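Below you'll find the structure I mean.
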Amino acid sequence: MTTAVATQYEAVIGLEVHAQLLTRSKMFCACRADYQGAPPNTTVCPVCLALPGSLPVINKRAVEYVMMTGLALNCDIPEHTKFDRKNYPYPDLMKGYQISQYDQPIAKGGWMVLRVDGREKRAGITRVHLEEDVAKLFHRSDPSGETYSLLDVNRAGVPLMEIVGEPDLRSPEEARQYLRRLRAIVQYLGVSTTKMEEGSFRCDANISIRPAGATGLGPKVEVKNMNSFRAVHRAIARPSAGAAGGTLQTVCASLRPAGR
């Protein structure tokens, strides 16, 4: 935003961060979770492949890791939790739904303190919940230009922790410091490798613009699956600047690499 526009409008930013958990086995089966480097479709079983009759068994260590993270983020740990079905039609989802959590997560109602430009800011944490990662698609084209996709199921079922932040951030720099602080906490706990280049620590950003002083939330842009601090900073800066004097429409998008 320009200085003039920045005094009239403010960005409202909430981040959803996914971290693959550093367990020996997958979330709901005994397949090994260190799929990186394994030949395609070799660390799989009937549960990963969602074959008829297969039943999930919860990974106790993954639950403990989410509780540890929740406590480090000043969350409450409820006595009861449950898993939910998240339905969406996409070919990397073997069952046609994802086992996730929503209204009764393992941890909720937390916060952490950031330091931005010499001042402290408290950022709320809505919940920390547990789910399973999905398979991986590789999009290809043959010499004739015909496109096709390959599916590697090795990643399906790897324990995935999601940390959902409150919409308390107001600038790209605050978002970057939030991610750095959160990654440092997760690294210190030893619950994830947090290797962003491998996708074990990735972020979705929800961005909205509103008049300065307003309290409501307007339409938002959601930018998915970013795996670097720089990408998050760029993604938030774009709609923040582009909405000046115009209308922000609700949309889900991905970030195009710089120079393209």
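The values are calculated or read from the model by the stated rules, or taken from the named source; none is laboratory data. What you see is a predicted model; the values in this text were computed from it and never measured. Please note: Cβ atoms are built from the backbone with ideal geometry, for glycine as well, and neighbour counts cover all protein chains shown.
Please count how many residues of region 10-54 are outside any loop (DSSP other than H, G, I, E, B) and either surrounded by fewer than 22 Cβ atoms within 10 Å (Cβ to Cβ) or aliphatic (A, V, I, L, M) (or both).
11
If the requirement is being under 27 Å from residue 176 (Cα atoms) and among the aromatic types (Phe, Trp, Tyr), which of these qualifies: 97, 65, 90?
Of 97, 65, 90, the one residue that is under 27 Å from residue 176 (Cα atoms) and among the aromatic types (Phe, Trp, Tyr) is 65.
So, in region 183-197, of the ones that are crowded, with 17+ Cβ neighbours inside 10 Å and under 14 Å from the mean Cα position of the chain (by Cα), which residue ends up nearest to residue 21 (Cα to Cα)?
Looking at residues that are crowded, with 17+ Cβ neighbours inside 10 Å and under 14 Å from the mean Cα position of the chain (by Cα), I get 192.
Then there's this: Taking residue 215, is it of a type in the set (Ser, Thr, Tyr), assigned to a loop (DSSP other than H, G, I, E, B) and more than 21 Å from residue 228 (Cα to Cα)? Working first, answer last.
Numbers: of a type in the set (Ser, Thr, Tyr): yes; assigned to a loop (DSSP other than H, G, I, E, B): yes; more than 21 Å from residue 228 (Cα to Cα): yes.
So residue 215 fits the description; yes.
A further question follows. Where residues in region 218-244 are within 18 Å of residue 163 (Cα to Cα) and assigned to a strand (DSSP E or B), which of them is modelled with the lowest pLDDT?
Narrowing region 218-244 to residues within 18 Å of residue 163 (Cα to Cα): 222-229, 232.
Still in the running and assigned to a strand (DSSP E or B): 222-226.
Numbers: 222: 88, 223: 89, 224: 88, 225: 82, 226: 89.
So the residue we want is 225.
If you take the residues in region 110-123 that are out of contact with any Cys (no Cβ under 6 Å at 6 or more places or on another chain) and either in a loop (DSSP other than H, G, I, E, B) or not aliphatic (A, V, I, L, M) (or both), which one is surrounded by the fewest Cβ atoms within 10 Å (Cβ to Cβ)?
Among those residues, the one meeting the criterion is 118.
Check whether at least one residue in region 60-67 is over 17 Å from the mean Cα position of the chain (by Cα), of a type in the set (A, V, I, L, M) and not in a loop (DSSP other than H, G, I, E, B), and report yes or no.
Checked against the condition, which is being over 17 Å from the mean Cα position of the chain (by Cα), of a type in the set (A, V, I, L, M) and not in a loop (DSSP other than H, G, I, E, B), region 60-67 yields at least one hit.
Which count do you get for residues in region 94-115 that are on the phi < 0 side of the Ramachandran plot and out of contact with any Lys or Arg (no Cβ under 9 Å at 6 or more places or on another chain)?
The qualifying residues number 1.
Based on this model, can you work out whether residue 86 counts as touching a Ser or Thr at 6+ places or on another chain (Cβ under 9 Å), surrounded by fewer than 16 Cβ atoms within 10 Å (Cβ to Cβ) and not in a loop (DSSP other than H, G, I, E, B)?
Yes: the conditions hold for residue 86.
So, one more: Being touching a residue at least 12 places away in the same chain (Cβ under 8 Å) and either in contact with a Phe, Trp or Tyr (Cβ under 9 Å, 6 or more places away or on another chain) or among the aromatic types (Phe, Trp, Tyr) (or both) narrows it down to one of 141, 192, so name that one.
The match here is 192.
Additional query: Just to be sure before I move on: is residue 99 touching an Asp or Glu at 6+ places or on another chain (Cβ under 6 Å) and of a type in the set (Val, Ile, Thr) in the structure I sent?
In short, yes.
Follow-up question, since we're still on this one. Could you list, in sequence order, the residues of region 93-109 that are surrounded by 14 or more Cβ atoms within 10 Å (Cβ to Cβ), under 20 Å from the mean Cα position of the chain (by Cα) and over 23 Å from residue 74 (Cα atoms)?
Listed by number, the residues that qualify are 93, 94, 97, 98, 99.
Scan region 171-205 residue by residue and report those that are under 16 Å from residue 223 (Cα atoms) and charged (D, E, K, R).
Passing the criteria: 176, 202, 204.
What is the number of the single condition among (1) among the polar types (S, T, N, Q); (2) touching a His at 6+ places or on another chain (Cβ under 7 Å); (3) under 30 Å from residue 57 (Cβ atoms) that residue 149 does not meet?
Single failed check for residue 149: (3).
Any idea which of 205, 156 is surrounded by 15 or more Cβ atoms within 10 Å (Cβ to Cβ), outside any strand (DSSP E or B) and touching a residue at least 24 places away in the same chain (Cβ under 8 Å)?
Just one listed residue meets the conditions, 156.
Still on this model: Pairs, please: C-beta under 6 Å, at least 6 apart or cross-chain, first residue closer than 18 Å to residue 181 by Cα and in region 8-22, second surrounded by fewer than 19 Cβ atoms within 10 Å (Cβ to Cβ) and not charged (D, E, K, R)?
Note: pairs meeting the criteria are 14/167.
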